[in-house]
Amino acid sequence: MKEIEFHVGSTVIAGLDNQVQGDVIIGLHGFLDNAESLRPLAPYLDDYRFIILDLAGHGKSSHRPLAAHYNQVDYLQDLFAILAQNQWSNVTLLGHSLGGILCTLYAGLFPEQVKGVISLDSCGPLTKPEDTTAKQMRESVLSRYEKSRNRLRTVDLDKAVEARCMVTDTRSEDARKILQRNLTQDASGHCFWSSDPRLRTRSTVRLTEGQAENIMRQIDCPVLFTSAKTSFKQVEEVYSQRKQWFKQSRCAAFDGGHHVHMEKPDEIGPVIREFVDQL
């Protein structure tokens with residue numbers, strides 16, 4: 001896959017592009033990941049134009065301006081601009097975790113633009129009760145005030161991989177591939193984080209369950225959810241509670257962790273390909 005860039009206002013959105021002439025599939029990665037996490041699925045989508053984006057502040061994409069922060073709706077705004085600039089319509093959206101949430105949100109807001117959604121180990125937006133609104137907003141303001149931009153400190157990739165694996169169920173080889181794309185290097189060969197530290201601040205406020213349902217019920221296209229049986233996301237359980245929100249959906253379960261699509265692309269890839277071919 002080749003590197004690609006899109007310009008959305010002052011923000012540069014980077015990504016990977018297989019440059020195939022075919023129907024467009026847009027890939028969106030998970031929180032603190034980048035386009036590299038979806039690369040293992042590319043061989044199964046080789047008859048389609050598969051473009052995997054680095055969300056703003058991740059991977060090789062630029063950071064939000066100094067006074068800005070990272071909200072889900074702004075990622076949707078970026079996606080809308082990229083599709084509009086390139087006159088892409090009737091696209092398929094494929095996302096993992098946060099990326100899967102964004103795919104379903106976009107399909108609910110702009111159902112006329114989306115012909116299919118694949119959501120890997122996520123099933124619609126994360127929600128919180130409305131009586132937590134004040135607490136959420138207070139914690140968000142405090143976390144954003146306290147978080148500064150990147151300080152230039154060198155990064156030891158081996159230690160970073162070890163730290164990532166200690167707090168997630170990601171395999172070390174997969175963590176390394178992802179983290180390498182979140183690093184930049186100076187002329188002396190020293191590595192630094194290229195991802196924006198403001199990504200780790202609290203969301204302003206999450207949708208309520210009712211608000212999430214309202215958006216999900218607007219999705220007209222088929223949706224394929226996948227669940228990872230040892231993942232903390234527990235997508236099978238969430239899907240059982242939410243499946244009535246979707247007009248056409250199913251959930252396929254796989255043995256593995258949250259990044260099972262990297263662990264077992266040979267199992268998940270054909271299922272995704274079959275779903276896309278039938279759209």
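Using a 1.4 Å probe on the protein chains only, how many percent of the accessible area of the chain belongs to carbon and sulfur? Taking all protein chains in place, the chain shows 49 percent carbon and sulfur surface.
Taking each DSSP H run with n ≥ 4 as -39500 (n - 2.57) and averaging over every residue of the chain yields -10000 deg cm²/dmol at 222 nm.
Give me the percent of DSSP beta bridges within the chain that run antiparallel, rounded to the nearest 5. Roughly 35 percent of the beta bridges in the chain run antiparallel, per DSSP. Diffusion coefficient of segment 1-131 by Stokes-Einstein, Kirkwood radius over Cα pairs, 4 °C, 1.567 mPa s: 88 µm²/s. Averaging the Cα positions of each part gives two centres, and for segment 46-80 and segment 215-271 these lie 22 Å apart.
Rounded, prolate or oblate, given the Cα gyration tensor of the chain, with a/c below 1.5 counting as rounded? Judged from the Cα gyration tensor, the chain comes out rounded (a/c under 1.5). A 1.4 Å probe, protein heavy atoms only, puts the accessible area of C165 near 40 Å².
Local charge for Y70 was computed over the other residues whose Cβ lies under 10 Å away, with Lys and Arg +1 and Asp and Glu -1, and equals +2. With a Cα cut-off of under 25 Å and a minimum spacing of 8 residues unless on different chains, the lysine pairs in segment 63-189 number 4.
For the chain, complete DSSP H runs whose alpha carbons reach 15 Å or more along their own long axis and whose mean Kyte-Doolittle score is 0.5 or higher are 72-85, 98-109. Legend: residues F110, F232, sorted from most to least accessible area (1.4 Å probe; ligands, DNA and RNA excluded), read F232, F110. For segment 129-214, the solvent-accessible area of protein heavy atoms averages 68 Å² per residue (probe radius 1.4 Å; ligands and nucleic acids excluded). Between R250 and Q211, full extension at 0.36 nm per residue minus the direct alpha carbon distance yields a gain of 11.9 nm.
Applying the criteria of a DSSP loop state and at most 16 other Cβ atoms within 10 Å to the trypsin sites (Lys or Arg not before Pro) of segment 220-273 yields K229, K247. Spin-label model, K243 to H190: label points 7 Å out along the Cα-to-beta-carbon direction sit 5.5 nm apart. In loop segments of segment 108-186 as defined by DSSP, the trypsin sites (Lys or Arg not before Pro) with at most 13 further C-beta atoms inside 10 Å of their C-beta are R149, R151, R153. For segment 237-264, the residues whose amide N sits under 18 Å from a probe point set 7 Å from the Cα of Q218 along the beta carbon direction are 245-248. Summarising the label geometry, the points placed 7 Å from Cα in the beta-carbon direction at Q234 and L157 lie 3.7 nm from one another. Oblate is the label for segment 198-279, because a/c, from the alpha-carbon gyration tensor with a ≥ b ≥ c as root eigenvalues, is 1.5 or above and a/b does not exceed b/c. Using the Cβ-Cβ distance between E274 and K2 with R0 set to 30 Å, the FRET efficiency from 1/(1 + (r/R0)^6) comes to roughly 0.70.
The values are calculated or read from the model by the stated rules, or taken from the named source; none is laboratory data. Computed from a predicted model, the values in this text were never measured in an experiment. Methodologically, a virtual Cβ is constructed for each residue, glycine included, from the backbone with ideal geometry; neighbour enumeration extends over all protein chains shown. Heads up: the accessible areas ignore ligands, DNA and RNA and are worked out on the full protein's heavy atoms, side chains in. Shrake-Rupley method; radii C 1.70, N 1.55, O 1.52, S 1.80 Å.
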